[in-house]
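One structure is given here, and the rest of the page talks about it.
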Amino acid sequence: MSPIDPSESSGCDKRHDHRIHPRPFSRVLVANRGEIARRVFATCRDRGLTTVAVFSDADEHAAFVAEADSAVRLPGSAPADTYLRGDLIIEAAKLAGADAIHPGYGFLSENAAFARAVLAAGLVWIGPNPENIDEMGSKVESKRLMAAAGVPVLGEFDPASVSAAQLPVLVKASAGGGGRGMRVVERVEDLAETFRTAAEEAASAFGDPTVFCERYILDGHHIEVQVFGDHHGNVWVLGERECSIQRRHQKVVEEAPAPLVERHGAEMRERLYAAARAAAMQIGYVGAGTVEFLADAGGEFFFLEMNTRLQVEHPVTECTTGIDLVGLQLDVAAGAALVGEPPVTTGHAIEVRLYAEDPAENWQPQSGVVHAFSMPSAASAFSIPGGAPAATPSVRLDAGIAPGESISTFYDPMIAKVIGVGRDRSQTALALASALDRMAWDGPTTNAQLLANVLREADFLAGATSTAYFTEHPEVFAKGADAARVRAAAVAAAVATAAAVAGGAPAGPDGTVVSGAVVGGAAVGAGGGTPVGAGAATAQDALAVAIRERNPRPAIGGWRLFHPDYRSRSFATGGAEVTVEYRERRGAWEFSPATIAGGPAIDVVAASPALVRLSIGGVEQRFAVERRGTSVVVSSPAGSLTLRELPHYTDPSAIAAPGSLLAPMPGTVVRVEAELGATVAAGQGIIWLEAMKMLHTISSDAAGVVAELRVGVGDQVDVGMLLAVIAGEDESGAGGSGSGDAGAAGSSGAAATAATAGSAA
């Protein structure tokens, strides 16, 4: 069988090749990965259904693979070679004896050709009829159908005749979603280039370059309605959600019910529900679907699109209705009818998407190993409350990443969805913020601090959550904890490290202390262990342990014959740097005046490599300390902070020359628009990388000449790799790298920034 071609789903003569014939099934293959695969497996386990995973080479050790009853490898790592290969997925289902396929969201979930191929193979398709996908798959066609059903729609503009008076307009890809192929245009002269880049991105992401433009509603509200249809003609409306807080047209915070609808009351809700029901009835919709609207502050709304699948934000509907939406998908696919009236919604639920990204650096996606990840205040994964929400808010964690896994550049960098649910919106938001604060995390940079800032911000708590939220509230981008908390964590980290040294912990070539590694059959600062180097975070750590094992030296701790000078360790977190100067004399710890300047006195009550008790201004606090290489995770009741220990000296070879354009992440070079020796302007795009399913533009932030160009189209690059050098026109070497096209995914030099959409929507 050949790979599924998305273009096959658009021909009218093929739309009715196959109809779904529901029937019972017992073994479900999930044609997806990460969090959504784990979510479907959880419900399948509850229903006594056997599960099958498919996985790429990059996902071999992922948690979702381990949770499935069986798994089939899809050779390769790129989505085009694995999760987008419908033919391989169907072969995997047959090989594993699966009799049903659940597509999750993203990837092939809205590919009608894949749905038809599943049905043609004699398998149960846990999704809508292929013709439903066809009808709603084109935003242009879906708007025509909705207008015919009486659903309010926004009119389209002819891009060739857009005037300044009609600006701003929104350029959108006709296929797909997740913000890919979508741009806001505010100047007429930018329209042609925007159409070109949006079409390029749409073709790359969806295989369809069709784009169009429509009126852009400033300060709009993204409102969506959950619908569910069965094979007997019944349609349920299961409440609305507001998903207005977005970055690059991709949702960040979602909640139910919608604050805008709550303000306008029953009249607006009734109109929304009627429009959503009319949309589903118009096409005889089957399964889980979402009708999305753009609303203005006055309560008027217009149809955006219909997502013919389960949404990323479905948990907020589950938590306010008590319904397992995945379970309902399984029931409908097996032929069950929606009996009676849908349940009423109660309470409030808020979901935030925890991403590996740096919001303060233009949402730059991050990748790398996750050494630690836990959220002590969250309930067991994928738990769905039954009945009315409790008076005390609770937190649900739907995680796609487990400790020990890597966040890959091949896929969306979403780590988890964290959902708060309770009777009161503000209490729920604050409980969710507290859960994020207490999260223990050791891995790539995340947006956790931004999410907590949003959840505590006054306008958010008041329900003012338009699509302009991030533009209007730059203060939520503030990084890190306050200075006093960072200082306390740094002191705890320094003291714990000193205690590890006193206990005989070896140090690597860069002076980094190895904690938790096994030396001579005993773990440093702990008990037990077997292999030399076990627990070492890096190869350098393992080398330090091996050298220590073969060349033992007596442990003399911090003892000195004469008056000891202060020793120092420096740490960084969230842009802040703290140096701790300390010494131990006669069993007592002392800190330099500079260390405690501007704050209360700090005394060490007790210290070990893993736990430090500090008295800060007379108040005792406990800090759990965990070290991995240069990364130190310090956890206390105030929350968890990850510090990076700074080297005592800087390696000159690690400093990039002025004008160096560096790869911000691993990826593939897809465009190079400058030649060696060419003169470039400040802000001019030089190189385009494709990584994490988006284009990342690497630009020069100064005028100059391309002195070096080390890559070409098709080259694979690693993070930090030198791509090009821009020399100043006076040959002084001045130059650099700056932000590119912000809408397309601007990148800049050593700290390139980017947009990412991945499989989420």
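Every number in this text was worked out from the coordinates using simple rules, so none of it is lab data. In this text the structure is predicted, and so the values were computed from the model without any measurement. Using ideal geometry, Cβ is built from the backbone for each residue, glycine included, and neighbour counts are taken over all protein chains shown.
Neighbour counts of C-beta atoms inside 10 Å place MET136, MET268 in the sequence MET268, MET136, starting with the fewest.
Counting only Cβ charges, +1 for Lys and Arg and -1 for Asp and Glu, the dipole size of the stretch 199-322 around its Cα centre is about 120 debye.
Highest mean first, the peptides 159-172, 293-306 sorted by other C-beta atoms within 10 Å per residue fall in the order 293-306, 159-172. Given the pairs LYS143/LYS172; LYS251/LYS417; LYS172/LYS251; LYS417/LYS479, which are separated by over 19 angstrom at their Cα positions? Over 19 Å Cα-Cα: LYS417/LYS479.
Amide H contacts of SER406 (H built 1.01 Å from N, in plane; Pro and chain starts excluded): VAL370 sit under 5 Å, all sequence-distant by 5 or more or on other chains.
Among ARG671, ARG309, a tally of other beta-carbon atoms within 10 Å of each Cβ gives an order, fewest to most, of ARG671, ARG309.
With the largest listed first and rounded to whole Å, the semi-axes of the equivalent ellipsoid of the stretch 299-359 from the Cα gyration tensor are 25, 17, 15. Quick check on the stretch 6-126: take the gyration tensor over C-alpha atoms, sort the square-rooted eigenvalues as a ≥ b ≥ c, and tell me if it's rounded (a/c under 1.5), prolate or oblate. Oblate shape, in that a/c is at least 1.5 and b/c is the bigger or equal ratio. The residue among PHE623, VAL680, VAL580 whose Cα reaches farthest toward the positive pole of the charge dipole of the stretch 570-693, with charges on the beta-carbon of Lys, Arg, Asp and Glu, is PHE623. Report note on the peptides 67-73, 281-287, 411-417: ranked by the mean count of other C-beta atoms within 10 Å, highest first, their order is 411-417, 281-287, 67-73. Cβ crowding within 10 Å, taken as a proxy for footprinting-reagent exposure, orders LEU722, LEU450 from fewest neighbours to most as LEU722, LEU450.
Taking the charge dipole of the stretch 217-321 about its Cα centre, with +1 at Lys and Arg Cβ atoms and -1 at Asp and Glu Cβ atoms, the residue from CYS319, GLY299, HIS231 reaching farthest to the positive side is HIS231.
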